[in-house]
Amino acid sequence: MELNHDGIKRDIILEMKNITKEFPGVKALDQVNIQVREHEIHALCGENGAGKSTLMNVLSGIYPFGTYEGEIYYQGKLCRFRNIKDSERIGIVIIHQELALVPYLSIAENMFLGNEQAKAGVIDWDATYQKAAEYMAMVGLHENPRTLIKDIGVGKQQLVEIAKALAKNVKLLILDEPTSSLNENDAKNLLDLLLRLKEEGISSILISHKLNEISYCADKITVIRDGKSIETLSREVDISEERIIKGMVGREMTNRYPSREHNIGEIAMEIRNWSVYHPLYSERKVVDNVSINVRKGEVVGIAGLIGAGRTELCMSVFGRAYGTGISGQLFIDGKEVHLHDIPQAIQAGLAYITEDRKGDGLILSDSIKHNITMSRPAFISSRGVLDKDIETQYAKELRQQLGIKTPTVEQLVGNLSGGNQQKVLVAKWIFAKPDILMMDEPTRGVDVGAKYEIYEIINDLVAQGKSVLMVSSELPEVLGMCDRIYVMNEGRVLAELENKGVTQEMIMGYIMEDSKGDIGV
C-alpha cells in the first residue's frame, strides 16, 4: 500500500510483469513492467513505435492470452483475457485514438451498443435514454441522448466514450491520445474530468505525446523506449517536461525547435481575395475574402482555433479539393494559375499534407513503399511501366531520411504506430518534389523526438528555396518554426505578424477580441 501526495492510500490495482510481444521480424515489447494504483492517473510515455499502444492492447485483450509472454494481475488476480469483452467484464475499458462511435446512431444507442438495456431480449428504450442521461451528466455532457453522434463535435464525442465506459462500471480507464483532435479548452476539460474520476475511485492510464498535459494531471509516468520499460517517474520527485523527454529519447533536448539560417526570397505563392462556401450548406461561407502569401525559403504559419477555416483554405487552394463557390485569385511565381483538380495542383508544384492521415492521406492496407510513391508515379515509371527497383530505392531513402521505424518498406502502413504513419505521409509528399508545401497539423500524434525530425525536414526544404505554409493548433510550434504568422478566425484573416517578439497571448488576444465582436459583447 502507498500513501500518495494527496494523502490517499492506494493499493495496486494493476500489475503487468515481464510482458513480451513479438510480431513477424519485430519484438514490440521486451520484458515490460508497469504498476498502477487505485486513485491514480498513470501516464505512459515514449517515442512513436516504442510499444505503448501494443502494451495497452495486450492489457485489454485485443491481443489475447497466448499471443504474448508475461503476466497480468488485476486487483491481485492473475488474468488471461481472451478478448476485449473479458477485460471489460472486470472493469478495464480502453478508448482508442480513433473513436469507436457510429455517426448515424444516437448518443444513447452508441453508449449501450453491445451492452443493450434489454428485458427478455427486447430493448427497453426508456431505460436506455434515462441511463444515458445519467452517465452523460457525470461527464458534463449536456446534450439530448437522442442526438446523433454526427451532430456533435469531437470533444463531446470523447465525453460520450467516457460515459460509455462508465456505463460498463469501469474501474481502470485506458485513454490512447484522447486530446489529439481537441482544442486547448476541450483538452483541459477532459483532463479535469479524469481528475474528478480519480477522486471517485476510477484509475486511468493515459497515453499522450502532449507533455504539458501529462505534467498537469499524472501522478506517475512510466517511460517506454524501444519496447522496454525504462523508468517510472513520480510527481513527488520530478515530472517536468524536460525530465520526461530525457527518459523518452535517452538524452536531454535543450531546444525543441532546430535553428536555421533565414534566406527568404521572392513571393512563391499568393492568394488574393479567396472565398469558399461549405460543400453541403452552400449559404455558409467558410473562407471569407482571405489574402495571404508565402515566399521562397520561408515558413509561414496559420494560427487559429478549430473551425477557423485554415484547413478549408488550404484544401480549396489545392486543386479545389474542398468547397463550392470558390472565388479569388491564385498566383504561383507571379503568374496567375487556375487549378481545377488535384493532379493540376501537384503538376504546378503544390503539395497538401492532410491533418487526417488515416481518412484522406494514406492507404492503410497498402505498403509503405506504395504509399510513398503514389503521389508522383511518373517518377518511378517509364512509358507507363513501373520500375519496382527504383520505387523500392526511393522508399528506402525516405524511410531512412525520416526515421520511419519499420524493418522493411513492404510493411503495411496500418501496422505502424500513429507517429510513423505521419512520417510516411510526409515522405509521400516530399517524394512528389513540390515547391510549395501546405502542411496541416504536420506533427499531430507525433512524439517530441519525431517532431524535431520533422522540423529538421521543414528546415531542409526551405533551405533549398522551397516554401512551407503550416497550419498548427499548437501555438508553441507556430512560434518556434514560423517566420511570419497569419491569425484566422471564422474564415477571416485577423492579423499578419512578423515573428519577432510575438507571444501566444498576443495571438489569442486577436482571436478572443474578434469573437467578442461576433457575439456583440
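The values are calculated or read from the model by the stated rules, or taken from the named source; none is laboratory data. Bear in mind the structure is a predicted one, so any value in this text is a computation, not a measurement. Using ideal geometry, Cβ is built from the backbone for each residue, glycine included, and neighbour counts are taken over all protein chains shown. Accessible surface is based on the protein model in full, side chains and every heavy atom, while ligands, DNA and RNA are left aside. Shrake-Rupley method; radii C 1.70, N 1.55, O 1.52, S 1.80 Å.
A few comments on the model shown:
- Of all the listed residues (Ala137, Ala108, Ala100), the sole one being in a helix (DSSP H, G or I), of a type in the set (A, V, I, L, M) and open to solvent by 20 Å² or more (accessible area, probe 1.4 Å) is Ala137.
- Residue among Ile162, Ile152, Ile202 that alone is without any contact (Cβ under 8 Å) to a residue 40 or more places away in the chain and more than 18 Å from the chain's Cα centre (by Cα): Ile202
- Subset of segment 434-467 [open to solvent by 10 Å² or more (accessible area, probe 1.4 Å), in contact (Cβ under 8 Å) with a residue 40 or more places away in the chain and touching a Ser or Thr at 6+ places or on another chain (Cβ under 9 Å)]: Asp435, Glu441, Arg444, Gly445, Lys451, Asn459
- Within segment 100-114, residues that are closer than 11 Å to Thr128 by Cβ and at pLDDT 90 or above reach partners that are among the polar types (S, T, N, Q) and not in a loop (DSSP other than H, G, I, E, B) with beta carbons closer than 6 Å, at six or more positions or on different chains, in the pairs Ala108/Thr128; Phe112/Thr128.
- Filtered residues of segment 36-75 (kept if part of a loop (DSSP other than H, G, I, E, B), open to solvent by 50 Å² or more (accessible area, probe 1.4 Å) and more than 23 Å from Leu233 (Cα to Cα)): Ile62, Tyr63, Phe65, Gly66, Thr67
- Scanning segment 181-197 for any residue that is open to solvent by 10 Å² or more (accessible area, probe 1.4 Å), touching a helix residue (DSSP H, G or I) at 6+ places or on another chain (Cβ under 9 Å), closer than 24 Å to Met111 by Cα and acidic (Asp, Glu) turns up at least one such residue.
- Residue match in segment 260-268 (condition: over 17 Å from Thr354 (Cβ atoms), surrounded by fewer than 15 Cβ atoms within 10 Å (Cβ to Cβ) and free of Cβ contacts under 8 Å to residues at least 12 places away in the same chain): no
- Counting only residues that are within 27 Å of Ile244 (Cβ to Cβ) and in contact with a strand residue (DSSP E or B) (Cβ under 7 Å, 6 or more places away or on another chain), segment 448-474 holds 4 of them.
- Scanning segment 484-503 for residues that are at pLDDT 95 or above and either part of a loop (DSSP other than H, G, I, E, B) or aromatic (Phe, Trp, Tyr) (or both) yields a count of 1.
- The residues on offer are Arg89, Arg80, Arg146, and the sole one that is under 30 Å from Pro24 (Cβ atoms), open to solvent by 50 Å² or more (accessible area, probe 1.4 Å) and either free of Cβ contacts under 8 Å to residues at least 24 places away in the same chain or over 28 Å from the mean Cα position of the chain (by Cα) (or both) is Arg80.
- Residue count for segment 323-341, restricted to those that are over 19 Å from Arg295 (Cα atoms), open to solvent by 40 Å² or more (accessible area, probe 1.4 Å) and either in a loop (DSSP other than H, G, I, E, B) or among the acidic types (Asp, Glu) (or both): 3.
- When segment 359-376 is filtered for residues that are open to solvent by 70 Å² or more (accessible area, probe 1.4 Å) and either of a type in the set (Asp, Glu) or at pLDDT below 90 (or both), only Asp360 remains.
- So Asn289, is it at pLDDT 95 or above, polar (S, T, N, Q), under 30 Å from Val154 (Cβ atoms) and open to solvent by 10 Å² or more (accessible area, probe 1.4 Å): yes
- Residues in segment 21-35 that are touching a helix residue (DSSP H, G or I) at 6+ places or on another chain (Cβ under 8 Å) and open to solvent by less than 50 Å² (accessible area, probe 1.4 Å) were compared, and the one that is farthest from Thr406 (Cα to Cα) is Ile34.
- Yes/no for Ser375 being farther than 29 Å from Glu22 by Cα, of a type in the set (Gly, Ala, Ser) and more than 27 Å from the chain's Cα centre (by Cα): no
- All of Ser316, Ser291 fail the test of being in contact (Cβ under 8 Å) with a residue 24 or more places away in the chain, in a strand (DSSP E or B) and among the small types (Gly, Ala, Ser), apart from Ser291.
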